[in-house]
1. Where in the stretch 91-109 does the amide nitrogen come within less than 20 Å of the point 7 Å from the Cα of ASN125, taken along Cα to Cβ?
2. So if we plug the beta-carbon distance of MET43 and ASP80 into 1/(1 + (r/R0)^6) with R0 = 25 Å, what FRET efficiency do we get, rounded to 0.05?
3. Could you please rank ILE113, ILE30, placing first whichever residue has the fewest other Cβ atoms within 10 Å of its Cβ?
4. Once you sort the root eigenvalues of the Cα gyration tensor of the stretch 45-123 as a ≥ b ≥ c, which label holds: rounded (a/c under 1.5), prolate (a/b larger than b/c) or oblate (the other case)?
5. For TRP109, TRP69, TRP82, which order do you get if you count the other beta carbons within 10 Å of each Cβ and list the fewest first?
Amino acid sequence: MHEKRRGLLYSLFHPKTGIEWGVLLIIVLIIFMLVGLPIGERMSATTVTITVDRRERVNNQDSSYYLVWSSEGETFKCSDAWLFGKFNSSDVYGQLKEGRQYKVLVAGWRIPIFSSYRNIIRIEN
């Protein structure tokens, strides 16, 4: 009797001998979240001009963050960003005054369903 040789991919993903597709999907999603999202956030950095309409510190049970509303209609978050080496969000937030216009470097995306805002990284002017 001749036994057929099977490849590595077959043995990895065969229902009886390999990992399940669901496990593989979870592994790929975790890798994407750990590597892809930070790279994407870094690449999304852009400079915009905003006029500060309002600003507020938001307190949760165990943390707080800063929100900045612009007259242009977008809300921004001002929080530390390890990927940019930004650990002075309180100082940046303190420099922003209502009614004044600023050129700021922002990164990230506005995703309303996740209450995600673009992050103010630094004030350019």
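Where a number appears in this text, it was derived from the coordinates with a stated rule and is not lab data. Owing to the predicted nature of the structure, the values given are computational and were not obtained by experimental measurement. Every residue, glycine among them, receives a Cβ derived from its backbone with ideal geometry; neighbour counts consider all protein chains shown.
1. Residues 92-107 qualify, since their backbone N sits under 20 Å from the label point.
2. The calculated FRET efficiency here is 0.80.
3. Exposure proxy ranking, most exposed first: ILE113, ILE30.
4. Cα axes put the stretch 45-123 in the rounded bin.
5. TRP82, TRP109, TRP69
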